[in-house]
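Peer 1: I have a structure I would like to understand better, so I am pasting it below and will then ask my questions one at a time.
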Amino acid sequence: MTRDGRLLGPHDGHAHFTVGQRRGVGVAAPEPLYVLEKDARSGRVVVGPRSALGTERVELEDARLHRDGTRVDRAKLRYRSHPLPCRVAGGPGRHDSLTLELGEAVEGAAPGQTACLMDGDRVVGHGTISG
């Protein structure tokens with residue numbers, strides 16, 4: 001399905017897809033399609049062009065800060081990715097939700113992945129990327 005609601009075809013279940021995925025989408029199109037979002041309740045998988053993946057805000061849930069949020073200057077959003085400059089507001093402790101403001105756009109912040117919050121090279125918090 002596209003963001004404007006156009007149905008492109010069936011799939012074998014949303015669990016077989018990851019936000020940002022290109023290979024295995026299984027839909028022929030004039031340009032490569034990427035998974036933009038998934039909805040577990042409806043089983044819907046939304047696809048679109050790579051340009052639609054970019055975001056400078058990432059919502060986190062079940063987050064924990066070991067230092068004040070003003071100390072967070074970078075975040076890793078994927079296991080082997082480079083840390084991205086960011087800002088986050090919040091004091092030390094557990095948070096139901098936090099918003100990362102990234103210094104540059106990232107493509108495909110995948111819900112369910114862990115965001116590692118850093119102060120320089122030190123890990124000072126974490127949270128789960130929400131959908």
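Peer 1: Going by the structure shown, is Val58 in contact with a strand residue (DSSP E or B) (Cβ under 8 Å, 6 or more places away or on another chain), within 22 Å of Glu104 (Cα to Cα), at pLDDT 85 or above and of a type in the set (Val, Ile, Thr)?
Peer 2: yes
Peer 1: Still on this model: Please specify each residue of the range 32-75 satisfying the condition of being under 30 Å from Asp119 (Cβ atoms) and hydrophobic (A, V, I, L, M, F, W, C).
Peer 2: Leu53, Val58, Leu60, Ala63, Leu65, Val72, Ala75
Peer 1: Of everything in the range 84-119, what is modelled with pLDDT under 95, assigned to a loop (DSSP other than H, G, I, E, B) and out of contact with any helix residue (DSSP H, G or I) (no Cβ under 8 Å at 6 or more places or on another chain)? Give them in sequence order.
Peer 2: The answer is Ala109, Ala110, Pro111, Gly112, Gln113.
Peer 1: Let me ask something else about it. Under the condition of being more than 16 Å from Gly112 (Cβ to Cβ) and surrounded by 16 or more Cβ atoms within 10 Å (Cβ to Cβ), which residue from the range 11-30 is farthest from the chain's Cα centre (by Cα)?
Peer 2: This residue is His11.
Peer 1: Here's something else I'd like to know. Given the options Leu8, Leu33, name the one that is hydrophobic (A, V, I, L, M, F, W, C), farther than 30 Å from Pro92 by Cβ, surrounded by 14 or more Cβ atoms within 10 Å (Cβ to Cβ) and modelled with pLDDT of 85 or more.
Peer 2: None of the other options fit; the residue is Leu33.
Peer 1: Of all residues being under 30 Å from Leu33 (Cβ atoms) and surrounded by fewer than 18 Cβ atoms within 10 Å (Cβ to Cβ) in the range 65-83, which is modelled with the highest pLDDT? Just the residue, please.
Peer 2: Checking each candidate, the answer is Pro83.
The values are calculated or read from the model by the stated rules, or taken from the named source; none is laboratory data. Nothing here was measured: the structure is a model prediction, and the numbers come from that model. Cβ coordinates were reconstructed from backbone atoms using ideal geometry, including for glycine residues, and neighbour counts include every protein chain displayed.
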